[in-house]
Each structure stands twice: as C-alpha cells, then as structure tokens.
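Only one structure is covered here, and it is reproduced in the block below.
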Amino acid sequence: MSGLTPGFADPVPDAQAWFRALLEAMARPGRIQRVAALPQAPAPLAPAAAAVLLTLADAETPVWMDAGPGAEEWLRFHAGCPLVAEPGAAGFLLAAGAMPELAALDAGTEEEPHRSATLILQVAGLETGRGWRLTGPGIGTEHRLSVEGLPGGFLAAWAANGRRFPRGIDLVLCAGDRLAALPRTTRIEGAG
C-alpha cells in the first residue's frame, strides 16, 4: 500500500465541501459544480469522480467500479467500502469506461425508492448553455447542458429510467474537476 496516493488533504472539510456541491447539483439538475479540494486519485479516476466516491462511500455501502485494481485499492483504503462484482448489487457505481445498463441497476422499490443506486459516470466534457433541454423539479423553466462522451442509446435508457418513477437511478456526471447531476425526475430533450 506504499504506492497509494492521498485522498483529501483535509478530509472532513473537503468531504463537507463536496457533499454541499453534490446537494446543490441534485437540487439544480444540470448545473455544473466545482470544488477546489480535489483528491490525488489514481488513473483512470477523474478528480471529481474520485471526490464524489470519497464523499459518499463508506463501510456500509457496496460500491461497483470499473476503474481497475489500483483505483479499487485506493478506494478501499480511503473509504473502507465493500466492492461488489455485479453492478446490480451496488448502492454506488463508478463507470470510468463503459456505462452499465441503467435497467440492470438497483432502482429501489415502490415502498423504498430512496434505496436506489446512484451512478457516477465519467464523461469527456460538460458545458452549460447549449445541448440538451432539461426540465423537471429544481429547474425553473429549462436548463441547457451539453455532455460529451455518453454511449449511444443514452437518451432512450434515461427516458425508460424516468418511467419507473418513483423508482429509478440518479446520475452524477463527472468531467475532470467538474460535476453535474441528473436526478431521476429530470427530463431530457434534444442532442447532448
């Protein structure tokens, strides 16, 4: 473990800053958030994705990730979370490569929709002011978000996810040091 890079420089305030950014991102879908405090995560983890994982993962929450053994060892050391082999068994997921099928993830139950999974998806870029037209709770009339690096068929999978409401997956998009959230209630129209 001597080759592990550090997590947050100041763990409590840094995690609190990222938690506030995540809350703001979920409350205002599609708005890009940045926090200066970034962990030194191993490749291929993007700094924002690593920070989200350090903020949310703990010893009680199963995590699935596809970022390789170095990232798994880093996360296990810093967050103490159990790692699972199957995406459907995870409470939090980090996709640094191919996005898992949304329909295969834990969408919660009708009685406990809050027990659904959250997918942290690394993308190539995030930009506001153009791209998708987002509507739904937390958005005044509409918001524009452009996302680079999503798989083909994403919009159809997202629409199917929305039809499961109140069940469904929440999504956190991370590009470099930036993040934006798409709660399951967010509707998307147009090209990303």
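Bear in mind that the values in this text are calculations on the coordinates, not laboratory data. As the structure is a computational prediction, the values presented were derived from the model and not from experiment. Positions of Cβ are generated from backbone atoms using ideal geometry, with glycine treated the same way; all protein chains shown enter the neighbour counts.
Key figures for this structure:
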quantity	calculated
Test: residue in segment 86-93 that is surrounded by fewer than 20 Cβ atoms within 10 Å (Cβ to Cβ) and among the aromatic types (F, W, Y)	no
Among (1) surrounded by fewer than 16 Cβ atoms within 10 Å (Cβ to Cβ); (2) over 22 Å from L53 (Cα atoms) - the single one W132 does not satisfy	(1)
Selected residue (criterion: farthest from the chain's Cα centre (by Cα)) from residues of segment 1-37 that are of a type outside the set (A, V, I, L, M, F, W, C) and closer than 17 Å to R76 by Cβ	S2
In segment 135-168, the residues that are in contact with a Phe, Trp or Tyr (Cβ under 9 Å, 6 or more places away or on another chain), surrounded by 16 or more Cβ atoms within 10 Å (Cβ to Cβ) and either in a loop (DSSP other than H, G, I, E, B) or in contact (Cβ under 8 Å) with a residue 60 or more places away in the chain (or both)	H143, L145
Only one of A50, A37, A67, A41 that is surrounded by 15 or more Cβ atoms within 10 Å (Cβ to Cβ) and assigned to a helix (DSSP H, G or I)	A50
